[in-house]
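Q: Would you mind keeping the following structure in view while I ask a few things?
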Amino acid sequence: MTEKLTTTAAGGATRTLLMCGIVAGPLYIVVVLLQMLTRDGFDISRHPASMLSNGDQGWVQIANFAVGGLLFVAGAVGLHRVRGPAGQGGTWGPRLVGVFGAGMVAAAFFSADPADGFPPGTPLGPPTSMSTHGMVHFLVAGVAFLALIAACFAFGRRFAAAGRRGWAAFSGVTGAFFLAAWISIFALQGSRVANVAFALAIALVLAWTSLLAAHRLTRPGAAAPA
């Protein structure tokens with residue numbers, strides 16, 4: 001009864017926060033796809049989406065990082081509010097999603113360096129040196145990615161404990177695929193297949209996060225999430 005009253009009391013604000021989480025992933029993905037189709041010289045098999053922050057139209061991706069990150073942070077707060085009573089749902093999952101959102105906001109302030117012909121006029125190949133903002137972007141991205149991978153496994157563990165096998169598998173597979181794809185871009189530097197796989201992994205994990213928020217919106221206070 002306590003859980004039900006708590007969820008109802010915060011219903012309006014919590015629903016709004018979860019809606020932010022639902023919108024976050026699809027909005028980010030759509031904006032990146034539109035830029036892929038319209039930015040000269042950009043090739044997802046050679047350039048990570050973060051490089052779209054460069055050039056005259058770079059403000060679009062910068063805004064995408066900032067808005068998407070804030071929406072994910074809001075969604076994380078919503079997930080925290082519907083996590084269930086102590087002992088039934090943990091707190092690390094929502095916190096880790098929040099860390100990822102904060103990392104996206106930070107990426108808006110610290111852009112990746114131009115490289116491999118993008119934006120047009122940039123020499124081909126990897127940059128010969130890394131700027132300070134490029135280095136900070138790399139570190140921030142690493143923390144954000146690790147947080148989201150950990151969130152997948154944290155939620156997966158809680159869903160498994162609650163007997164929600166479908167969501168447990170979805171969460172675990174998403175985290176594992178994202179981790180493997182992330183490792184592959186370092187192990188197979190320059191591989192177009194690895195770069196595309198990583199882009200797909202990012203799209204999948206962002207979709208997972210938004211679907212998770214949608215699931216919690218329709219099942220507030222249900223047993224299990226981390």
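The values are calculated or read from the model by the stated rules, or taken from the named source; none is laboratory data. On a predicted model such as this, the values are computed, not experimentally measured, just so you know. Methodologically, a virtual Cβ is constructed for each residue, glycine included, from the backbone with ideal geometry; neighbour enumeration extends over all protein chains shown. These area figures cover heavy atoms from the full protein model, side chains too; ligands, DNA and RNA do not enter into them. Shrake-Rupley method; radii C 1.70, N 1.55, O 1.52, S 1.80 Å.
Q: Can you list residue pairs whose Cβ atoms sit under 6 Å apart, with the first residue in region 109-138 being of a type outside the set (S, T, N, Q) and the second being assigned to a strand (DSSP E or B) and open to solvent by less than 30 Å² (accessible area, probe 1.4 Å)? Count only pairs 6 or more apart in sequence or on different chains.
A: Sorted first by the residue in region 109-138, then by its partner, the pairs are 126/115; 127/115.
Q: Checking the conditions here, which among 191, 171, 210 is surrounded by fewer than 17 Cβ atoms within 10 Å (Cβ to Cβ) and of a type outside the set (D, E, K, R)?
A: 191
Q: If you go through region 24-40 one residue at a time, how many are surrounded by 15 or more Cβ atoms within 10 Å (Cβ to Cβ) and closer than 15 Å to residue 65 by Cβ?
A: Final tally of qualifying residues: 8.
Q: Of all the residues that make up region 49-65, how many are among the acidic types (Asp, Glu) and surrounded by 14 or more Cβ atoms within 10 Å (Cβ to Cβ)?
A: 0
Q: Quick one: count up the residues across region 66-80 that are open to solvent by 50 Å² or more (accessible area, probe 1.4 Å) and either under 11 Å from the mean Cα position of the chain (by Cα) or under 17 Å from residue 28 (Cβ atoms) (or both).
A: Qualifying residue count for the region: 3.
Q: Still on this structure, please answer the following. When you scan region 143-154, do you find a residue that is open to solvent by 30 Å² or more (accessible area, probe 1.4 Å), part of a helix (DSSP H, G or I) and in contact with a Ser or Thr (Cβ under 9 Å, 6 or more places away or on another chain), even just one? Break it down stepwise before answering.
A: Going residue by residue through region 143-154, those that are open to solvent by 30 Å² or more (accessible area, probe 1.4 Å) are 143, 145-146, 150, 153.
Now drop any that are not part of a helix (DSSP H, G or I), which leaves 143, 145-146, 150, 153.
The next check asks that each one be in contact with a Ser or Thr (Cβ under 9 Å, 6 or more places away or on another chain); those that pass are 153.
Looking for residues that are open to solvent by 30 Å² or more (accessible area, probe 1.4 Å), part of a helix (DSSP H, G or I) and in contact with a Ser or Thr (Cβ under 9 Å, 6 or more places away or on another chain), one finds at least one in region 143-154, hence yes.
Q: Suppose the filter is in contact with a helix residue (DSSP H, G or I) (Cβ under 8 Å, 6 or more places away or on another chain) and of a type outside the set (Phe, Trp, Tyr); does residue 103 pass it? Even if it seems obvious, please write down each step before you answer.
A: On the way: in contact with a helix residue (DSSP H, G or I) (Cβ under 8 Å, 6 or more places away or on another chain): yes; of a type outside the set (Phe, Trp, Tyr): yes.
In short, yes.
Q: Output yes when any residue across region 172-188 is touching a residue at least 12 places away in the same chain (Cβ under 8 Å) and either touching a strand residue (DSSP E or B) at 6+ places or on another chain (Cβ under 9 Å) or more than 22 Å from residue 44 (Cα to Cα) (or both), and no when none is.
A: Yes, that holds for at least one residue.
Q: Give region 95-140 a look and list any residue that's in a loop (DSSP other than H, G, I, E, B) and touching a Lys or Arg at 6+ places or on another chain (Cβ under 9 Å), or say none. Steps first, please.
A: Going residue by residue through region 95-140, those that are in a loop (DSSP other than H, G, I, E, B) are 110-114, 116-117, 119-131.
Correct list: 116, 117, 119.
Q: Let me confirm something: among 46, 83, which residue is in contact with a helix residue (DSSP H, G or I) (Cβ under 7 Å, 6 or more places away or on another chain), open to solvent by 40 Å² or more (accessible area, probe 1.4 Å), more than 25 Å from residue 158 (Cα to Cα) and in a loop (DSSP other than H, G, I, E, B)? Working first, answer last.
A: Numbers: 83 fails: more than 25 Å from residue 158 (Cα to Cα).
Result of the check over 46, 83: 46.
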